[in-house]
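The values are calculated or read from the model by the stated rules, or taken from the named source; none is laboratory data. Note that the coordinates shown come from a computational prediction; the quantities given were computed from them, not determined experimentally. In this analysis, Cβ positions are derived from the backbone assuming ideal geometry, glycine residues included, and neighbour counts consider all displayed protein chains. Quick note on the areas: whole protein, heavy atoms, side chains included, nothing else; ligands and nucleic acids left out. Shrake-Rupley method; radii C 1.70, N 1.55, O 1.52, S 1.80 Å.
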Amino acid sequence: MRPEGPAAAPQRFNNRQVIHLQGLRFKANLGILDFERTGPQPIQVDAEVNLGALPIVARDADIGRVLDYRRVRAAIIDECTAEHTDLVEALVGKLCNRLMSMAGVVGVRVKLTKLEIFPDCEVAVSAETGQW
């Protein structure tokens with residue numbers, strides 16, 4: 001039951017808005033081992049893009065007023081497939097820089113997982129940059 005009294009004013013801003021992309025899987029040329037240099041291998045990217053405090057969107061269908069998560073997805077795939085990268089750590093750094101360069105982004109968390117590097121486990125490297 002709601003307590004009686006004056007209704008709370010509607011919130012105009014959220015404290016933080018974050019776009020989450022989880023489980024984005026595709027192939028990329030990545031690694032220093034001989035077999036990793038022969039062709040692309042499957043990876044998974046998980047990313048969080050912090051947009052900071054934003055006006056609360058209500059009944060507004062204008063995609064131009066928000067960061068379109070399709071652009072975030074495309075930027076991740078483009079950065080990971082543009083060229084061969086030797087180290088996962090270097091590719092994670094490239095991803096952080098690419099996503100931080102997008103309009104309105106104040107923080108980025110990225111996790112890149114090599115899915116088939118070992119038969120008994122996956123290997124991942126993550127990084128965080130900007131404001132959280």
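Is it true that some residue in segment 63-80 is surrounded by 15 or more Cβ atoms within 10 Å (Cβ to Cβ), assigned to a helix (DSSP H, G or I), out of contact with any Asp or Glu (no Cβ under 9 Å at 6 or more places or on another chain) and of a type in the set (Gly, Ala, Ser)? Scanning segment 63-80 turns up at least one residue that is surrounded by 15 or more Cβ atoms within 10 Å (Cβ to Cβ), assigned to a helix (DSSP H, G or I), out of contact with any Asp or Glu (no Cβ under 9 Å at 6 or more places or on another chain) and of a type in the set (Gly, Ala, Ser). Remark: pairs (first residue in segment 1-28, over 19 Å from Val106 (Cβ atoms); second residue at pLDDT 90 or above and open to solvent by 100 Å² or more (accessible area, probe 1.4 Å); Cβ separation under 9 Å; 6+ apart in sequence or on different chains) = Leu24/Arg73.
Number of residues in segment 78-121 that are of a type in the set (Asp, Glu) and more than 20 Å from Arg37 (Cβ to Cβ): the value is 2. When residues in segment 42-57 are screened for being surrounded by fewer than 16 Cβ atoms within 10 Å (Cβ to Cβ) and modelled with pLDDT of 95 or more, 1 of them pass. Inspection of segment 109-118 finds a residue satisfying the criterion of being under 18 Å from Lys27 (Cβ atoms), modelled with pLDDT of 95 or more, of a type in the set (A, V, I, L, M) and in a loop (DSSP other than H, G, I, E, B).
Checking each residue in segment 83-93 for being crowded, with 16+ Cβ neighbours inside 10 Å and either closer than 19 Å to Val72 by Cβ or without any contact (Cβ under 8 Å) to a residue 40 or more places away in the chain (or both) picks out Leu91, Val92, Gly93. Could you tell me how many of the residues in segment 13-41 are open to solvent by 30 Å² or more (accessible area, probe 1.4 Å) and either assigned to a strand (DSSP E or B) or among the small types (Gly, Ala, Ser) (or both)? The qualifying residues number 8.
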